[in-house]
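Report on the structure given below.
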Amino acid sequence: MEPIGNMMNKEDLVKKLEQAKLPELEVVGHRCRLRQMLIEGAVIVRGRDNVQVIKRPSDRLSWWAWLKGPAWRPAVASAVSLFIMAAIIAGVFYLATPSPAAIATDVVRKDPSIQQKLSGSGEIIVVRVEVMSNVARVVCGRGMGDFIEADVDITGRTVLTTRRFEGLFLAELAPEARSNALNITLLDDRIKPLISKGATVGNVFPVFSDISRITISDGHLIKITPSSYHAIVPIYLSDKVWLVEVNLDEKKIDRIIEPQLLSPYPYMNYTANYL
Amino acid sequence: MITRTETISVADALKEEEDLVKRAQHSREAFAELYEIYYQRIFNYILKRVANVQLALDITSITFLKALDQIKKFRWRDIPFSAWLYRIASNEINDYYRREGNRLISMEMLAEMSDTTDYAEEINEAEEELNRHEEFLRLHEKLAELPQMYQEVIVLKYFEKKKIGDIVKILGKKEGTVKSLLHRGLEKLREKMA
């Protein structure tokens, strides 16, 4: 070191720097350890307070390291795994198992005796399902007023008893719609001659033709909504009946079903003379 | 004078290293080969900058971990791989001093690297060896009083024997800037040595 106050010239300083005996050290242990960390996948991340944190592979595999600990750890892990699996299985079972109402509906639709008892053909419409313990009370029909109430054993998936309803489930038209249907019918030139011959008008009822309009309310009750705003006006003359299908939206008669013998459906015989 | 054979040999070595770097971009094993080539050089460069064995080891760890992390972004045409490693090391040293000696790496890592009895003795021996380089330590003591920008050009030029062109690549500065830093750094060091 040069004495204070005697400034070293640049050449001497450069010479001093160039000729200084420099440390050339090696710490083999560190070299090997760092190499191992690099190969095993250590990474560096910025931690809190800007501190650089080295994440070792063991950090990423800490779950396994944890498991390799005392015996209670794998036991806890197994219990948790079993619980999760049981919860998943229960969830799948719950989702895969149909509800009692769905089982009852299915039983009724497939039951041969009900198929036979209901008049007409086509798909059976379930109007209402009421579940009581292990028995469901199902009301079903094929539209046009022919309905059956069946008690279904949900566990046994069988129909226990059946009772026939007679026109009970025909939704009633609003008074204004009923009045409109009557007016449109009575003003029709094809109907006027029948009336003049003494024909009577039966109960006006709505048309159910589109089962896709079935909606479910309060869990079990199924309501059938008319596919469109149509009404049927029955005209009775002697032993025949004319069914007049009135389009209430367009305020016209869509069709008059040709006279036939009085309907086998009892409700159609309920007549009310509006004239 | 470089003979034709030597020229070809240097070119082959560069090509070989370029291939190794490309492989290291996808393989940790290949990176480990690069690590073996450069570990000693980088550690001793850092040691000359910080004159502290444990600190030099820590910064060396960070340097190579960052190199591993960023090697996919490395483009050979920009700078040679060695210059790139020196640049990372320089940045880490400057970063350490900029944070005024805040912890460089996690305490967990320090414990992991330090408590190991397998090379704790080695570190002690290295520190003793370093302490025997009294002339270097006196020079470093004066150098340490200079701003980092002067320290790095002086260490690279006179301790690492790098050419100005190499320093330009390592620091990513213009040649004029490097020369100016070197000139002013030496002047300041001369004042400190007085």
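So the values come out like this:
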item: Those strands (runs of 3 or more DSSP E) lying entirely in the range A:100-204 with at least 2 residues of a type in the set (Gly, Ala, Ser), modelled with pLDDT of 85 or more and surrounded by fewer than 20 Cβ atoms within 10 Å (Cβ to Cβ); result: none
item: Matching entry among B:58, B:69 (being assigned to a helix (DSSP H, G or I), charged (D, E, K, R) and surrounded by fewer than 19 Cβ atoms within 10 Å (Cβ to Cβ)); result: B:69
item: Selection count where residues are under 21 Å from the mean Cα position of the chain (by Cα) and under 14 Å from residue A:9 (Cα atoms), scope the range B:167-188; result: 2
item: Options B:48, B:15, B:73; residue that is farther than 15 Å from residue A:35 by Cβ and within 12 Å of the chain's Cα centre (by Cα); result: B:48
item: Failed condition for residue A:236, given (1) part of a loop (DSSP other than H, G, I, E, B); (2) of a type in the set (Phe, Trp, Tyr); (3) modelled with pLDDT of 70 or more; result: (1)
item: Failed condition for residue A:217, given (1) at pLDDT 55 or above; (2) of a type in the set (Gly, Ala, Ser); (3) within 41 Å of the chain's Cα centre (by Cα); result: (1)
item: Residue count, the range A:7-34 (criterion: exposed (fewer than 13 other Cβ atoms within 10 Å of the Cβ) and at the interface with another protein chain (Cβ under 7 Å from one of its Cβ atoms)); result: 3
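The values are calculated or read from the model by the stated rules, or taken from the named source; none is laboratory data. From a predicted model like this one, the values you see are computed outputs, not experimental measurements. No Cβ is skipped: glycine too gets one built from the backbone with ideal geometry, and neighbour counts run over all protein chains shown.
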